[in-house]
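First up is the structure itself, then whatever we jot down about it.
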Amino acid sequence: MRAGDRGAANAASRAQRQLRVSSLPPYARRIARIRSSFAEAGIEALLVTHPANLRYLTGLDATMGMLLVEATACTLIVDGRYLTAARGCVGRAGELRQTTITPVEGSYEGTLAAVLRRTGRGGRVGVESTAMTLAAFRHLDRALESVRSSGAAVELVPVERVVEAARVVKDSGEIETLREAAVRLSAVAREAVALARAGRTERDVATDIDAAIRGAGFTKPAFDTIVASGPNSALPHARLGDRMLRPGDGVVLDFGGVYDGYCVDLTRTVQVAPASAAFRRLFDAVSEAHAAAIAAVRPGVLGSEVDSAARDALARHGLADAFLHGTGHGLGLEVHEEPRISKAGTAHPDEPLKPGMVFTIEPGVYVEGFGGVRIEDDVLVSEQGCEVLTDVPVDPAPFLAGA
Ligand code: ZN
Ligand code: ZN
């Protein structure tokens, strides 16, 4: 076969494989994708223990559990708290037909060892090293001694980003959920900006925002709601306090919700009347950085390039040093996940953006003793560019609250 023919044949078989994978229902398709990455990761099986990854592959919403994904079988190990829910997930439309549910007996580690002893399988089993503590790894390795003494070769191999790499590109169902969640959070934001009035405490405002989040159909806030007023707003992750909002305060309102398991996240900064030029200067710079970053989002662009677009805009206003964090983070089953929209050279992978990625754009500036401004929206990378999922006016002027 000539090189060109081989290339064409490879492309054809790849297309066929993709077709086969995409015709499967979502959970079966996700598991098939994970399996297809085993060879590259140098493993024959993967032990999934990170709760968000467990949910991604089975639909099970549990704080603890183990899913052993092998080449042709899956074993879901859960304790009594999650047995009924696990049966529901596996029974659903036969999507996870090859999955056996095994209740925990004694300990999770001991139960996994018993499964491997019974099946006589093993080999190189990947463990999610970013989710497993060293102590858990040692317990597990010790429990597997009983498998080794029965003659099977089992080796635990720490791996990273096997499931996370699949989660970074959302499928159509996930996009639909995130779109709906963003519409609902935008409605909360419109209410929230009107809640920041002089005489109310940060805590009062946050309590009302949390109630609005639940009222909008979210299961819960995605993180502790931030209401940071006046000088407190100079802290990017300000803790909620009893400070009373005063005339002229800038107020950062940052909140999120979990909708059907998926997280959305939004920030608006308003000013309690009267307006001031000092606040306006910061606001206009951040607003420009926010627009520049969104304009840079399209397939093929690196996350760090989107970050630079925001950073360069702030630098033009002499505020480069006041931007104390990355431009954005991925959204999905977790409120902070891949991709990271941050400076090149950080610990995070800096990959080209792909259609289906969903993340925040949230530049901010923080001036100690004065205050800060942050503007955050959620975006989806589309085939051509970018779709902003949240829909709330950026400018606080229409909401400027009376003193
Ligand atoms: Zn946020
Ligand atoms: Zn955020």
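The values are calculated or read from the model by the stated rules, or taken from the named source; none is laboratory data. From a predicted model like this one, the values you see are computed outputs, not experimental measurements. As a convention, Cβ positions derive from the backbone with ideal geometry for all residues, glycine included, and neighbour counts pool all protein chains shown. Side chains included, ligands, DNA and RNA excluded: accessible areas come from the protein's heavy atoms. Shrake-Rupley method; radii C 1.70, N 1.55, O 1.52, S 1.80 Å.
Looking at (1) modelled with pLDDT under 95; (2) touching a helix residue (DSSP H, G or I) at 6+ places or on another chain (Cβ under 9 Å), find the lone condition where Leu324 falls short.
The single condition Leu324 does not satisfy is (2).
If you take the residues in the range 323-355 that are part of a loop (DSSP other than H, G, I, E, B) and closer than 13 Å to Val379 by Cα, which one is most open to solvent (accessible area, probe 1.4 Å)?
The qualifying residue most open to solvent (accessible area, probe 1.4 Å) is Lys354.
Criterion first (surrounded by 17 or more Cβ atoms within 10 Å (Cβ to Cβ) and either touching a residue at least 60 places away in the same chain (Cβ under 8 Å) or within 16 Å of ligand 1 (Cβ to nearest atom) (or both)) does Val272 satisfy it?
Against the criterion (surrounded by 17 or more Cβ atoms within 10 Å (Cβ to Cβ) and either touching a residue at least 60 places away in the same chain (Cβ under 8 Å) or within 16 Å of ligand 1 (Cβ to nearest atom) (or both)), Val272 qualifies.
For (1) under 30 Å from Ala165 (Cβ atoms); (2) in contact (Cβ under 8 Å) with a residue 12 or more places away in the chain; (3) among the aromatic types (Phe, Trp, Tyr); (4) not in a helix (DSSP H, G or I), each residue gets a yes or a no:
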| site | (1), (2), (3), (4) |
| --- | --- |
| Gly256 | yes, yes, no, yes |
| Arg268 | no, yes, no, yes |
| His290 | yes, yes, no, no |
| Leu314 | no, yes, no, no |
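Answer with yes or no whether Arg311 is within 16 Å of ligand 1 (Cβ to nearest atom), in contact with a helix residue (DSSP H, G or I) (Cβ under 7 Å, 6 or more places away or on another chain), open to solvent by 30 Å² or more (accessible area, probe 1.4 Å) and assigned by TED's automatic domain parsing to the domain that holds Gly256.
Taking the combined requirement at face value, the residue does not satisfy it.
A quick yes/no check of all residues on (1) assigned by TED's automatic domain parsing to the domain that holds Glu191; (2) open to solvent by 20 Å² or more (accessible area, probe 1.4 Å); (3) in a helix (DSSP H, G or I):
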{"position": "Val205", "(1), (2), (3)": "yes, no, yes"}
{"position": "Ile209", "(1), (2), (3)": "yes, no, yes"}
{"position": "Ile213", "(1), (2), (3)": "yes, no, yes"}
{"position": "Gly217", "(1), (2), (3)": "yes, yes, no"}
{"position": "Asp224", "(1), (2), (3)": "yes, yes, no"}
{"position": "Val227", "(1), (2), (3)": "yes, no, no"}
{"position": "Pro231", "(1), (2), (3)": "yes, yes, yes"}
{"position": "Pro236", "(1), (2), (3)": "yes, yes, no"}
{"position": "Arg239", "(1), (2), (3)": "yes, yes, no"}
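Give the residues of the range 143-158 that are in a loop (DSSP other than H, G, I, E, B) and either open to solvent by 50 Å² or more (accessible area, probe 1.4 Å) or free of Cβ contacts under 8 Å to residues at least 24 places away in the same chain (or both), sorted by residue number.
Ser150, Gly151, Ala153
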